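The structure appears below as structure tokens.
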Amino acid sequence: MFKERYRQLFETINPREALISSTIHAAENRSAGRMSRRLRPALILAAICLCGTLSLPVMAAVEPLYQAMYQISPGAAQFFKPVSLTDEDNGIRMEVLSASIHGEVAEIYVTLRDLTQNRVDATTDLFDSYSINTPFDCTATCRQVQFDRDTGTATFFIQITQTGNQKITGDKITFTLREFLSGKQRYSGPIDQIALDDLSQSAAVSEPVDIRGFSGTVPEQYLKSFMPLLRNTPGIGVLDGISVTAVGIVENQLRIQVFYEDILRTDNHGFVSLRDAAGRQISCTGSVSFWDEQRCGSYEESFFEIPAQLDGCRVEGEFWSSSTLTQGAWQVTFPLGED
């Protein structure tokens, strides 16, 4: 009922002409003893614009209304959204520095600053947790472009591209952020604890696993019923939350297994490769990822064609991990200036 009522109210509204649009008819109430009513656009405008004068706690309660409106008529919802260039939650301030349009591309600069601790740093990553409410279909990318150590402020560049190479219309955009990562670490180099010259055929686990995905070329039989390596090492740590848990040869392929702990909160990830005696890098031919029992951590086994001579080969890796996940609810709505 809620969605149907708002569909009737907003599906024919042109946001730029909302103030002078014709009367919108409310759905007729068929109940006995009740009469249908007309709802004037001015009344709709007054009710929604009231949100711009409400206190923050009340605004939080009104937000589901906006989300429902976006599903029905994004253009109308965005028209009524009040402009707010800053937002604070969980001790973090988000602010829009500038925004502009170049044809089908909108470019936005947003900053994050920790007002109470040091959770924003030079490694801060928005963790693909942002969303952009616009009255058009689009794609977006985001990257950090600057970190001011004196103020602890990170600046991000966000680029929004209208699909279909069509010119962006509308004059406001709403940007929402749910969480971000910081305290990132990176390791790149050899994993000297792994000795390849004394490897023999290894056993695999017999029970099936919950496969997350695969890449490259993976033997078809593995995808039908993948059996990972037994955990034949105590765990060779390379970064916090990342360790090599098994190495072995199965059916004449070298397999290296790495465990990434709590990936949904840390974005732990990476890859392994080989370096032969001549210094040439040997990439894996494919890999399979699968969940741990708690579906929080992920194992990844990489497959390598065994070099003619394993003697002199070494295992290398490149890995990334984050120590801090900060969650909140930040939202800003800002006008776009057209060049």
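None of the figures in this text is laboratory data; all of them are computed from the coordinates on show. This one's a predicted model, so the numbers in the text were calculated from it and none came from an experiment. Cβ coordinates were reconstructed from backbone atoms using ideal geometry, including for glycine residues, and neighbour counts include every protein chain displayed.
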- Message: Test of understanding: what is the full-extension gain from Thr151 to Thr163, defined as 0.36 nm times their sequence separation minus their Cα-Cα distance?
- Response: 0.6 nm
- Task: Subtract the Cα-Cα distance of Gln201 and Ile132 from 0.36 nm times their separation in residues, and report this length gain in nm to one decimal.
- Result: 19.7 nm
- Query: Once Lys and Arg get +1 and Asp and Glu get -1 on their Cβ, which of Leu199, Gly248, Phe304 lies farthest toward the positive end of the dipole of the stretch 197-312?
  - Reply: Phe304
- Rank Gln294, Ile282, Leu229 by how far each Cα sits towards the positive end of the charge dipole of the stretch 197-312 (+1 on Lys, Arg Cβ; -1 on Asp, Glu Cβ) and give me just the farthest. Ile282
